[in-house]
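Q: I have a structure here, written as structure tokens, and I will follow up with some questions on it.
The values are calculated or read from the model by the stated rules, or taken from the named source; none is laboratory data. Predicted model only: the values in this text are computed from it and were never measured. Cβ coordinates were reconstructed from backbone atoms using ideal geometry, including for glycine residues, and neighbour counts include every protein chain displayed.
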């Protein structure tokens with residue numbers, strides 16, 4: 001079985017790891033851990049201003065590496081990682097095609113109301129665009145102090 005796991009920050013990696021360790025996957029499963037960096041106004045590095053894309057790439061690579069190591073250690077599975085630049089849903093769908101994935105796992109923030117209207121649902125877009133089964137995992141809600 002070939003599985004793409006789309007990761008966006010550390011909590012999504014934890015959620016995906018918990019799900020994958022529930023017994024459905026084994027050492028014969030091939031995982032492709034993917035992070036997509038969405039285009040933004042901060043794409044072009046400017047002297048004196050931090051390169052946020054490079055920083056995100058470094059931070060996410062650490063998260064992907066940690067998840068890959070955990071999956072190798074717990075399942076003995078084959079792992080690949082990749083960080084790509086582009087519209088998130090399209091990147092994930094393209095990588096599912098490229099990897100010939102049987103399924104993809106998408107941890108979701110499960111936004112509602114105005115937040116969903118404003119930000120949209122990347123998970124919904126991936127469900128529509130991916131050529132394989134898409135498993136959407138609801139991540140735990142975090143209570144951040146403002």
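Rundown of residues vs (1) modelled with pLDDT under 90; (2) crowded, with 17+ Cβ neighbours inside 10 Å; (3) under 24 Å from residue 84 (Cβ atoms), yes/no style:
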{"site": "96", "(1), (2), (3)": "no, yes, yes"}
{"site": "101", "(1), (2), (3)": "no, yes, yes"}
{"site": "104", "(1), (2), (3)": "no, yes, yes"}
{"site": "112", "(1), (2), (3)": "yes, no, no"}
{"site": "133", "(1), (2), (3)": "no, no, yes"}
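Q: Can residue 65 be described as under 26 Å from residue 141 (Cα atoms), within 13 Å of the chain's Cα centre (by Cα) and in a loop (DSSP other than H, G, I, E, B)? I'd like the intermediate steps shown before the answer.
A: Details: under 26 Å from residue 141 (Cα atoms): yes; within 13 Å of the chain's Cα centre (by Cα): yes; in a loop (DSSP other than H, G, I, E, B): no.
Against the criterion (under 26 Å from residue 141 (Cα atoms), within 13 Å of the chain's Cα centre (by Cα) and in a loop (DSSP other than H, G, I, E, B)), residue 65 does not qualify.
Q: Is it the case that residue 37 is modelled with pLDDT under 90 and under 13 Å from the mean Cα position of the chain (by Cα)?
A: Considered against the rule, which asks whether it is modelled with pLDDT under 90 and under 13 Å from the mean Cα position of the chain (by Cα), residue 37 comes out as yes.
Q: I would also like to ask the following. Determine whether the stretch 53-60 contains at least one residue that is under 20 Å from residue 11 (Cβ atoms), over 17 Å from the mean Cα position of the chain (by Cα) and surrounded by 14 or more Cβ atoms within 10 Å (Cβ to Cβ).
A: There is no residue in the stretch 53-60 that is under 20 Å from residue 11 (Cβ atoms), over 17 Å from the mean Cα position of the chain (by Cα) and surrounded by 14 or more Cβ atoms within 10 Å (Cβ to Cβ).
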